[in-house]
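These notes concern the structure reproduced below.
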Amino acid sequence: MADRVTVIGWDGSPLTAAARSALSAATLVAGAAHHLALPEVPPTAERIRLGSVDLAARRIAGHRGSAVVLADGDPGFFGVVRTLRAPEHGLEVEVVPAVSAVAAAFARAGMPWDDARIVVAHQRTLRRAVNICRAHPKVAVLTSPGAGPAELALLLDGVHRTFVICEELGTDREQVTVLTSDKAADHAWRDPNVVIVIGGSSGGQTGGGWLMGHETPKVRGWALPTEEPGSGNGNGSGSGEAPSLRATQLARLGPRVGDLVWDIGCGAGHFAVEAARFGAAVIAVDADPDACARTEAAARRHGLQLQAVPGRAPHVLERLPEPDVVRIGGGGVPVVTACTDRRPERIVTHASTRDEAEALGAALADGGYTVECALLQTVGLDPDDWTERERSVVFLLSGHRTDLAP
């Protein structure tokens, strides 16, 4: 019974001596069709078309002889090595790497990639991959059938990006195409491909970083003091943007990388910017175009990117992509109901009176959410004489979907 497998990466270059040696001794070879057609594969070896890696691993574990798995690029980078090393298969894995498809794609584009986010897009993860592309200025997307350049472009509707699309890297059919995201949906693309998605602010970073794919925030901390007076909401009136309220809203929502956040009633953009600083994609909505402009300006100051959409809630929400979490800065019960209909995981809103809080809480509960309510009171003090400087009292309501596992 086989207890060892050699995994060979292939990037279109001639195989190394170690790879040729392993292949020449192989009695079982697993790989894609173009791997199994390589002249170095022994004609007498059993051949397995690699679909499910788990199934192939079980076949390899039961094989009497020497097994080799061929995979594109570096098989240890979002590749087959993780599955083959699963304890249930009992396999010892030896890896002969090659240049990863991501490294090859950035090389073809002549760009550095230590500052890039790298995501894998399947049909089940496509929406989250798109959210990464919304939130970050340089993203490499390892695509799959049904989650390719056209689908990325369609879901990025309204967000301008440049696509560098690298098809069939390492083969004689390799092709690199550069075009804007609004044109990508009009083409048919060959698999496999890597898409480099570029656009928006780079945060003002000119040198190399120290942590791949991440940037240290310019300002330490969160729930930062407000920078500008005045704010709006989805209906053009005032909304609470006090740091204490914002801190609790952020804690309740927990925005994270891969999420899409709706900030309805973005005002001066303080909450939207904070959510974007956590790595989430943000769509900020306000009936006041000036509020949208202030929000975009605040994001630029922090080296962040988000999408600001002017319009009156709840009607403007109908054309927005599905959110993961929502902050409602105003608009009352109709806006809450419109948001519960879209089934985000969490919703937060606030009210200045008990009657308003009861109405908003009932709308959340009617929409299938578990409701929590807290009365937040903060008192700003002058540290010189400890006199009261300002006081804020607000009802905070948060809703969690009841149909989700804890």
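The values are calculated or read from the model by the stated rules, or taken from the named source; none is laboratory data. The shown structure was predicted, so the numbers you read here are calculated from the model rather than taken from an experiment. Cβ atoms come from the backbone with ideal geometry, glycine included; neighbour counts cover every protein chain shown. Heavy atoms of the whole protein, side chains included, go into the accessibility calculation; ligands, DNA and RNA do not. Shrake-Rupley method; radii C 1.70, N 1.55, O 1.52, S 1.80 Å.
Every residue, every condition in (1) touching a helix residue (DSSP H, G or I) at 6+ places or on another chain (Cβ under 9 Å); (2) farther than 20 Å from residue 214 by Cα, yes or no:
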{"residue": "80", "(1), (2)": "yes, yes"}
{"residue": "97", "(1), (2)": "no, yes"}
{"residue": "106", "(1), (2)": "no, no"}
{"residue": "110", "(1), (2)": "no, yes"}
{"residue": "157", "(1), (2)": "yes, yes"}
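Looking at this structure, is residue 274 open to solvent by 20 Å² or more (accessible area, probe 1.4 Å) and in a helix (DSSP H, G or I)? Write out each step before concluding.
Numbers: open to solvent by 20 Å² or more (accessible area, probe 1.4 Å): no; in a helix (DSSP H, G or I): yes.
It is false that residue 274 is open to solvent by 20 Å² or more (accessible area, probe 1.4 Å) and in a helix (DSSP H, G or I).
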Discussion item. Restricting to region 195-238, give me the number of residues that are within 29 Å of residue 329 (Cα to Cα), modelled with pLDDT of 85 or more and either open to solvent by 90 Å² or more (accessible area, probe 1.4 Å) or in contact with a helix residue (DSSP H, G or I) (Cβ under 6 Å, 6 or more places away or on another chain) (or both).
Written reply: 3
Worksheet entry | Matching residues, region 19-39, being surrounded by fewer than 18 Cβ atoms within 10 Å (Cβ to Cβ) and either within 17 Å of residue 72 (Cβ to Cβ) or not aliphatic (A, V, I, L, M) (or both) | 20, 21, 24, 27, 32, 33, 34, 36, 37, 38, 39
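Would you mind finding the one in 316, 333 that is at pLDDT 95 or above and in contact with a Leu (Cβ under 7 Å, 6 or more places away or on another chain)? Can you show your working first?
Values: 316 fails: in contact with a Leu (Cβ under 7 Å, 6 or more places away or on another chain).
Unique residue meeting the criteria: 333.
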Worksheet item: Which of the residues belonging to region 90-125 are surrounded by fewer than 20 Cβ atoms within 10 Å (Cβ to Cβ), in contact with a Phe, Trp or Tyr (Cβ under 6 Å, 6 or more places away or on another chain) and touching a residue at least 40 places away in the same chain (Cβ under 8 Å)?
Response: 120
Worksheet item: Could you list, in sequence order, the residues of region 1-28 that are without any contact (Cβ under 8 Å) to a residue 60 or more places away in the chain and either closer than 16 Å to residue 98 by Cβ or touching a helix residue (DSSP H, G or I) at 6+ places or on another chain (Cβ under 6 Å) (or both)?
Response: 14, 15, 17, 20, 21, 23
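Return yes when residue 310 is in contact with a Cys (Cβ under 6 Å, 6 or more places away or on another chain) and either open to solvent by 50 Å² or more (accessible area, probe 1.4 Å) or over 22 Å from residue 270 (Cβ atoms) (or both) and no when it is not. If you could, list the steps in order and put the result at the bottom.
Details: in contact with a Cys (Cβ under 6 Å, 6 or more places away or on another chain): yes; either open to solvent by 50 Å² or more (accessible area, probe 1.4 Å) or over 22 Å from residue 270 (Cβ atoms) (or both): yes.
When the stated conditions are applied, residue 310 passes them.
Filter region 360-394 down to the residues that are assigned to a loop (DSSP other than H, G, I, E, B) and farther than 18 Å from residue 331 by Cα, then identify the one that is least open to solvent (accessible area, probe 1.4 Å).
If we filter region 360-394 for residues that are assigned to a loop (DSSP other than H, G, I, E, B), which is where we start, we get 367-368, 382-387.
Okay, now just the ones that are also farther than 18 Å from residue 331 by Cα, so 368, 382-387.
Working: 368: 22, 382: 45, 383: 87, 384: 140, 385: 89, 386: 177, 387: 66 Å².
By that ranking, first place goes to 368.
State which residue is farthest from residue 12 (Cα to Cα) when the search covers only region 46-87 and only residues that are part of a loop (DSSP other than H, G, I, E, B) and open to solvent by less than 10 Å² (accessible area, probe 1.4 Å).
Once the filter is applied, the top-ranked residue is 75.
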Discussion item. Every residue in region 8-18 that is hydrophobic (A, V, I, L, M, F, W, C) and surrounded by fewer than 21 Cβ atoms within 10 Å (Cβ to Cβ), please.
Written reply: 15, 17, 18
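Take the residues of region 143-168 that are part of a strand (DSSP E or B) and among the polar types (S, T, N, Q): which is nearest to residue 108 (Cα to Cα)? Walk me through it before giving the result.
First pass over region 143-168, keeping only residues part of a strand (DSSP E or B): 144, 147, 162-167.
Okay, now just the ones that are also among the polar types (S, T, N, Q), so 144, 162.
On the way: 144: 20, 162: 15 Å.
Once the filter is applied, the top-ranked residue is 162.
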Worksheet item: Which residues, taken from region 280-301, are closer than 21 Å to residue 131 by Cα and buried (at least 21 other Cβ atoms within 10 Å of the Cβ)?
Response: 280, 281, 282, 283, 284, 285, 286, 292, 295, 298, 299
Worksheet item: Looking only at region 315-343, which residues are surrounded by 21 or more Cβ atoms within 10 Å (Cβ to Cβ) and not aliphatic (A, V, I, L, M)?
Response: 323, 324, 327, 329, 330, 331, 339
Worksheet entry | Identity of the residue in region 120-142, part of a strand (DSSP E or B) and in contact with a helix residue (DSSP H, G or I) (Cβ under 9 Å, 6 or more places away or on another chain), that ends up farthest from residue 280 (Cα to Cα) | 142
Worksheet item: For region 150-168, does any single residue satisfy the condition of being modelled with pLDDT under 90 and either crowded, with 16+ Cβ neighbours inside 10 Å or over 30 Å from residue 287 (Cα atoms) (or both)?
Response: no
Item to complete: Output the residue which, of all residues in region 88-119 that are in contact with a Gly (Cβ under 8 Å, 6 or more places away or on another chain) and in a loop (DSSP other than H, G, I, E, B), is nearest to residue 138 (Cα to Cα).
Response: 116
